[in-house]
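Have a look at the structure below before the remarks.
The values are calculated or read from the model by the stated rules, or taken from the named source; none is laboratory data. Bear in mind the structure is a predicted one, so any value in this text is a computation, not a measurement. Here Cβ is always computed from backbone atoms with ideal geometry, including for glycine, and neighbour counts include all displayed protein chains. Surface areas here come from the heavy atoms of the whole protein model, side chains and all, with no ligands, DNA or RNA. Shrake-Rupley method; radii C 1.70, N 1.55, O 1.52, S 1.80 Å.
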Amino acid sequence: MEKSRNKELVLITKRFPFFKTEAFLESEITVLAKFFDRITIFPYEVSGYCRKVPNNVVVDISFSECYKKKKSRAIKTLFSVEFIKAILDHKKLLKGAKDLNMLLKFISNTQAYKKFFKGKMELLQNADLVYTYWFNESTYAFLQLKETINFKASIISRAHRFDIYENLATTRSFWPYRKYCLDQVGALFSISEDGKEYLEANYGNHSNINVARLGVCDRDKIAMRSQNSEISIVSVSRIALMKRVDFIKAAIVQYAFEQPELKVKWTHFGDGQGWEELKNTQGIPKNLTLALKGNVKNEEIYAHYAECPVDLFVNLSSSEGIPVSIMEAISFGIPVVATKVGGTGEIVSNITGKLLGANPSLSEVVEAFHEVLGRNIPASQVKNFFDTYYNAAINYSSFSKELSKFNRTEKELQLS
């Protein structure tokens, strides 16, 4: 691959490469680094744990020092012209103290980005592109800066779940200055078709809203299927209300009761509030084995898929973006039963398993288990779907090519 020349990228993250969040960036950064001569990452929070990045990627932690002064900054913002203007601009959307506090944090964080990067004009003038990994106040701040200072770098952003959907139980009631950001950003890359359609339905069609799917690495392994009268079911998630792991357990228990001739094993990776209740074996049929692994490294999950039989993966969340756990499962050719929330419906279909409604009944879930296990979906069929849509090497290479088409005088992508 011929590397681009004189291409510099500024990447704005929450924590990456620190902590263990923003996991998709681990794969993406290795591909991005092949298309840009230099990448500078600015996280707003750092820790002692830092993941390895390519040699041409610089991690600058100086912004995190500025960002962490949240309390003093919020007090200053409270009496600022910018905050008063934001209240007036969003007065129809403000329903109470919670919304007002959210707006204060948004403007306060915006001020932090603007103040810091005003002192980084040489960097912004030399860069071809500013890429905000989240479609939040960082995007708004750079668009505001560009209006006042007119630096040459183009501004693009990704949009995931929390930074797209509004007024859900797990999201904020609204995003400040959303229409302004959609109108002004050079390009916005939603990780799902659902996210793109949501933004267009709520804010009008924008030619600069694109879909750039995330992905996971292909480990060139196919999970084995169980032999004889055994069934192995796997789920992966933290234990939280929106993940409905207790509902998964109830469905598997019911399935085992209905199939007394089978030896059913449920393996769950992940922990959280409700862990003790999950371990409770009261009312569990004798033919069901619980293997609750708790919080483990991803490599342990991959090893399980590579070395142990897995017949079905289950996700019954009430809210999702694009679940990495489902991508990982289909990368091993494992069929899936999941609820249609967020972008899950773009991964799960009759090709890869069974897509249920957002709030299925227990009987509907159990029936889906019977159906998918009875169909014996070929692992090769599931794996081929993964390669087409969620293979990290393919997706991030395509995305990086699009980003590398920016130059310092272009506001939008020049799509070929």
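For the reader, a short list of remarks on this structure follows.
- Residue ranking by accessible heavy-atom surface, 1.4 Å probe, largest first, among ILE75, ILE209 comes out as ILE75, ILE209.
- Span from the segment 177-200 Cα centroid across to the segment 248-264 one, whole angstrom: 43
- Seen from GLY345, the other residues with C-beta closer than 14 Å to its C-beta sum to a net charge of 0, counting Lys and Arg as +1 and Asp and Glu as -1.
- All C-alpha to C-alpha distances of segment 289-416, sorted into 5 Å bins beginning at zero, yield P(r) values of 2, 10, 17, 18, 18, 14, 7, 6, 5, 3, 1, 0, 0 percent in whole numbers.
- In a simple Cβ point-charge model (Lys, Arg +1; Asp, Glu -1; nothing else charged), segment 22-147 has a dipole of about 660 debye relative to its Cα centre.
- Under 12 Å of direct C-alpha separation, and excluding same-chain neighbours fewer than eight residues apart, LYS68 reaches these aspartates and glutamates: GLU45.
- Within the accessible area of the chain (1.4 Å probe), percent carbon and sulfur: 51
- Distance from segment 34-48 to segment 89-133 (C-alpha centre basis), Å: 19
- Charge dipole of the chain (Cα centre as origin; +1 on each Lys and Arg Cβ, -1 on each Asp and Glu Cβ, all else neutral): 1600 debye, rounded to the nearest 20.
- Area accessible to solvent at TRP275, 1.4 Å probe radius, in Å²: 60
- Using alpha-carbon coordinates, inclination of helix 392-403 to the longest axis of the chain, degrees: 20
- A Förster radius of 35 Å combined with the Cβ-Cβ distance from GLU65 to LYS92 puts the calculated FRET efficiency at roughly 0.40.
- When the P(r) of segment 317-382 is calculated, the portion above 16 Å amounts to 41% of the C-alpha pairs.
- Helix axis angle, 298-307 relative to the chain longest principal axis, alpha carbon, degrees: 30
- A straight chain from TYR49 to LYS115 at 0.36 nm per residue would run longer than the Cα-Cα distance by 21.0 nm.
- Among (i) 72, 54, 43; (ii) 64, 48, 41; (iii) 55, 50, 46, the entry that matches Cα extents along the principal axes in Å as calculated here: (i)
- Proximal lysines relative to LYS405, as straight alpha-carbon distance under 23 Å, when same-chain residues fewer than 8 apart are discounted: LYS3, LYS7, LYS34, LYS146, LYS152, LYS196
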